[in-house]
Structure formats: C-alpha cells, structure tokens
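In what follows, a single structure is set out as structure tokens and then discussed.
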Amino acid sequence: MTIFQTVEFYIIAAVVAAAIVAASALPSKRGAARTFLFGGTLAEPRTPDTPASDQGIVVQVDDFGYLNVYRFGLEGVHEDGAYSLAVEIAGFDVVINERLTAGSRRTAEMTQGRALLDCFGRERYHIQYKSESTGRSCAFSLNMAPGNRIERRLEL
C-alpha cells in the first residue's frame, strides 16, 4: 500500500486530527436562557438587636418543590418599598438578581424579604444570587429535593 507513504495522506491525517481536537475543545451547549420575574414581600421592621452588617439569604425547598428565598439584613428599604427577584435559568446555571425599591422614608424600615420561586424542576442547580443595590453576592449548588436548605452570607 503506497498510500501510507504519500505526503497527501499525512496532510489529510493531520487536518482530521486537528478537527477532532477542535471539536472536543468546544464548550458544551447550554439551552436558551429563560427569565422569570417574582414579586416578594417585605417583613419585620428593624429591631435594635439586628446588626445592619448581617446580610444574607436562606433558601429552602418546600414539599411542593418550590424554592423559598428568605433575605435578611436589608437596609434602606421601607414598608411601602418593594423586594423582587429576576431569575435567569440557562440549563442548570441560575442567576438570581435581587431588585429593591426603597420606598418612602416616612414609613417603617424593613429588614427582611421573602419570595417563592416556582420555576425549577427536580434537578441540581448552580445558583448565583446577586444584590444589585448593595453589590453583594453569593453562590452555591442546590438539589431541588424537598427539605433541602442552605444559608449563605452575602459578600462584597
């Protein structure tokens, strides 16, 4: 077989090998991103024993598979303000953007927010929570099985 001794054979073999390496280096395909908007509720006026610097979230999956998000340590949000979440899901990667509206300073200051998210299936998700108004965030992985609970501090 003289084909294995030709220069053309080795050039074609090198091109095919380069194509295989390039195809294996491509990033995995993520599905189209979906965005959901959820309105939350504000709770509890500030008490003297609640430190202002103590900011974080608690997420818990309830018996129906919904994700309960509890945000504590809110600052500058008043009773007539608003707490809402924009959730972007791309495959199993999730970005939750917190949006706060301060409200009138004549009303009581609220320190906690709560939202119920019903856009997840029973999978394991990689979640990043971002607070636009404070510049703080946290990240974690969560399996959407009933009873799972995670608490995280929001860091700068």
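The values are calculated or read from the model by the stated rules, or taken from the named source; none is laboratory data. Small disclaimer: the values here were computed from a predicted structure and weren't measured. Because the Cβ atoms are built from the backbone with ideal geometry, glycine has one as well, and the counts that use them run over all protein chains shown. For accessibility, only protein heavy atoms count, side chains too; no ligands or nucleic acids. Shrake-Rupley method; radii C 1.70, N 1.55, O 1.52, S 1.80 Å.
Worth a mention:
- Filter result (touching a strand residue (DSSP E or B) at 6+ places or on another chain (Cβ under 7 Å) and acidic (Asp, Glu)) within the range 54-78: 54, 62
- Within the range 127-156, the set of residues being surrounded by 13 or more Cβ atoms within 10 Å (Cβ to Cβ), of a type in the set (A, V, I, L, M) and not in a strand (DSSP E or B) comprises 144, 154.
- Just so you know, in the range 72-95 the residues that are in contact (Cβ under 8 Å) with a residue 60 or more places away in the chain and in contact with a Gly (Cβ under 7 Å, 6 or more places away or on another chain) include one that is nearest to residue 131 (Cα to Cα), and it is 73.
- Evaluation of residue 99 against the conditions (1) open to solvent by less than 80 Å² (accessible area, probe 1.4 Å); (2) assigned to a strand (DSSP E or B); (3) touching an Asp or Glu at 6+ places or on another chain (Cβ under 7 Å); (4) not acidic (Asp, Glu) shows that the sole unmet condition is (1).
- In the set (1) part of a strand (DSSP E or B); (2) open to solvent by 10 Å² or more (accessible area, probe 1.4 Å); (3) under 15 Å from residue 42 (Cα atoms); (4) in contact with a Ser or Thr (Cβ under 6 Å, 6 or more places away or on another chain), the condition left unmet by residue 110 is number (4).
- The residues of the range 96-139 that are touching a Lys or Arg at 6+ places or on another chain (Cβ under 6 Å) and either of a type in the set (A, V, I, L, M, F, W, C) or without any contact (Cβ under 8 Å) to a residue 12 or more places away in the chain (or both) amount to a single one, 138.
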